[in-house]
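What follows draws every value from the coordinates through simple rules; no lab data is involved. Note that this is a predicted model, so its numbers are computed, not measured. Here the Cβ is made from the backbone with ideal geometry for all residues, glycine too, and neighbour counts use every protein chain on show.
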Amino acid sequence: MGEAGDAFRLGQVLLSRDEIKRRVSEIAGEIEREYRGRELIVVGILKGASIFMADLVRCVGDSVDVRMDYMAVSSYGDASTSSGVVKIVKDMDTFAEDRNVIIVEDIMDTGLTLYYLRDIIMGRNPESFKTCVLLEKPDRKKIESEIDYRGFVIPDEFVVGYGLDYAGKWRHLPDIWRVVKE
Ligand code: IMP
């Protein structure tokens, strides 16, 4: 996002911590109903999904046998445009074969990251595979990649907070903010 040398600052809050909290607990309820009595591997995509995932799993009750795992990916190309080729920087530790897997992602922008992750995990023959994405920017979609659990649909604006960053900044903010150019 932006040209080198541009400065950015926080604009307005797009989604407040209370709105996020309500929606996260609704999604956790859906997951709980679907996986009750079963084992579920929840795989967070680092670093952006770390805060969302931490809140999400704590809202899923003990009727689901939740296991937590993580993957880190980087997309080739510059920081702002997904090239569509995803490199695994850190793989999940759990074997996905014959397990129920949910990938947890912070935001779907072009859809390329999720598309490639689906491909990679499906190649490992899981029992089931679903995707859980906090934010979807439909205007930017380049490729159809199904979202099973969706937090919010947002306009095509750059956002930070609640795990999302701009150049490493602002992940720790409890609300989700629009970023504006100074
Ligand atoms: P996709 O492959 O284009 O769907 O890229 C998704 C990734 O782009 C996310 O996991 C984020 O790391 C990054 N991203 C896209 N839009 C935003 C945004 O508005 N704020 C922060 N990161 C974003």
Shape parameters for the stretch 104-143, alpha-carbon atoms, Rg then Dmax in Å: 10.8, 32
Counting only Cα, what are the radius of gyration and maximum Cα-Cα distance Dmax of the chain, in Å? 16.1, 53
Charge context of residue 140, other residues only, Cβ under 12 angstrom, K/R +1, D/E -1: -2
Using the count of nearby Cβ atoms within 10 Å as a rough guide to exposure, how do 88, 31 rank from fewest to most? 88, 31
Extension length gain for residue 165 and residue 152 (0.36 nm per residue less Cα distance), in nm, is 2.9 nm
With the label point 7 Å along the Cα-to-beta-carbon line of residue 172 and a cut-off under 19 Å to each amide N, the hits in the stretch 23-59 are 47-55
Residue exposure sequence - 53, 122 - by fewest surrounding Cβ within 10 Å: 122, 53
If the reach is capped at under 22 angstrom between alpha carbons, list the lysines near residue 130, excluding any in the same chain fewer than eight residues apart. 21, 47, 87, 90, 141, 142
Would you calculate, for the chain, the mean residue ellipticity at 222 nm contributed by helices, counting each DSSP H stretch of 4 or more residues as -39,500 (n - 2.57) and dividing by all residues, to the nearest 500? -7000 deg cm²/dmol
For the stretch 1-56, shape from the Cα gyration tensor axes a ≥ b ≥ c, cut at a/c of 1.5 then a/b versus b/c, turns out oblate
In degrees, nearest 10, range 0 to 90: what is the angle between the Cα axis of helix 112-122 and the longest Cα principal axis of the chain? 20
Would you mind ranking 131, 113 so that the residue whose beta carbon has the fewest other beta carbons within 10 Å leads the list? 131, 113
So how far, in whole Å, is the C-alpha centre of the stretch 3-64 from the one of the stretch 133-153? 14
Rounded FRET efficiency, nearest 0.05, which uses the C-beta distance separating residue 12 from residue 54 and R0 of 22 Å: 0.30
Length gained, residue 88-residue 30, 0.36 nm per residue minus C-alpha separation, equals 18.0 nm
